[in-house]
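Since the structure comes first, as structure tokens, the remarks are kept for the end.
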Amino acid sequence: MYLLLLLTVLGTTHGLDIVSRDEWGARAPIYVDPMSNPVPYVVIHHSAEPAVCYTKEDCIEAMQTMQDMHQIDNGWVDIGYSFAVGGDGNAYEGRGWSAVGAHAPGYNDRSIGICVIGNWMEALPSEQQLQTVHELIAYGVELGMISGSYGLIGHRQAKETLCPGDQLYEEITTWEHYIQV
Ligand SMILES: [Zn+2]
């Protein structure tokens with residue numbers, strides 16, 4: 001009985017829910033460029049547009065909007081990010097753990113790019129949204145997809161951009177794996 005209780009507790013330690021591409025209605029990628037894991041970097045982004053979403057329904061719409069922007073408007077093979085995290089506390093699968101992304105020059109083939117949906121120039125994401133980012137990274141390390149000694153950067157460290165927003169950038173500089181490059 002104690003063992004069952006322990007297993008139940010362990011099984012719920014991370015409440016991470018990754019919404020699959022099927023679940024958010026993603027179009028198939030035009031092409032998948034395989035990436036080697038574990039990757040040594042994590043790159044944090046904001047979407048700027050679309051704005052933060054607080055329900056699964058709205059976050060699904062945000063994912064579809066971003067895929068349209070990247071795949072149709074920009075002519076890329078797929079949504080650019082590896083994953084996105086919504087204000088609903090869910091993580092959303094983009095290109096996933098093992099496909100080269102299109103989000104940060106110099107890092108696309110050796111990082112997981114995580115878009116924190118919303119504009120974080122003037123405001124910070126909620127604790128719940130940030131917690132999901134931490135859980136997603138921890139899960140990637142647990143799966144062997146992200147190196148345990150990974151370095152974490154903001155998009156603005158890879159190119160001239162406001163991304164991931166002043167407030168979110170300041171926040172991630174306090175995270176344990178943040179590095180200056
Ligand atoms: Zn970015």
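Key figures
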item: Pairs of alpha carbons in region 142-181 whose separation is greater than 12 Å (percent); result: 60
item: Residue of 32, 100, 133 that the Gaussian network model of the chain assigns the largest fluctuation, springs spanning Cα pairs under 10 Å; result: 32
item: Portion, in percent, of the accessible area of the chain that falls on carbon or sulfur, probe 1.4 Å; result: 53
item: Euclidean distance of C-alpha centroids, region 43-74 and region 127-163, integer Å; result: 18
item: Charge sum, other residues only, whose C-beta stays under 10 Å from residue 88's C-beta, Lys/Arg counted +1 and Asp/Glu -1; result: -2
item: Modelled FRET efficiency - R0 25 Å, residue 181 with residue 122, Cβ distances, 0.05 increments; result: 0.45
item: Angle in degrees between helix 127-142 and the longest Cα principal axis of the chain, rounded to the nearest 10; result: 80
item: Anisotropy class of the chain from Cα gyration tensor, a/c 1.5 cut; result: rounded
item: Accessible area of region 120-165 divided out per residue, in Å², using a probe of 1.4 angstrom; result: 47
item: Nitroxide proxy distance, nm - points 7 Å out along Cα→Cβ at residue 134 and residue 33; result: 3.4
item: Within region 110-141, GluC sites (Glu not before Pro) in DSSP loop having at most 10 other beta-carbon neighbours inside 10 Å; result: 122
item: Gained length - residue 141 relative to residue 49, 0.36 nm times residue gap less alpha-carbon distance; result: 30.2 nm
item: Cα→Cβ-extended label distance, 7 Å offset, between residue 61 and residue 162, nm; result: 2.3
item: Normalised alpha carbon radius of gyration of region 33-96 [divisor 2.2 N^0.38 Å]; result: 1.15
item: Inter-probe distance in nm under a simple model that places probes 7 Å from Cα toward Cβ, at residue 69 and residue 20; result: 2.7
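The values are calculated or read from the model by the stated rules, or taken from the named source; none is laboratory data. What you are looking at is a predicted structure, and each value in this text was computed from that prediction instead of being measured. We place every Cβ from the backbone using ideal geometry, glycine too, and count neighbours over all the protein chains shown. Accessible surface is based on the protein model in full, side chains and every heavy atom, while ligands, DNA and RNA are left aside. Shrake-Rupley method; radii C 1.70, N 1.55, O 1.52, S 1.80 Å.
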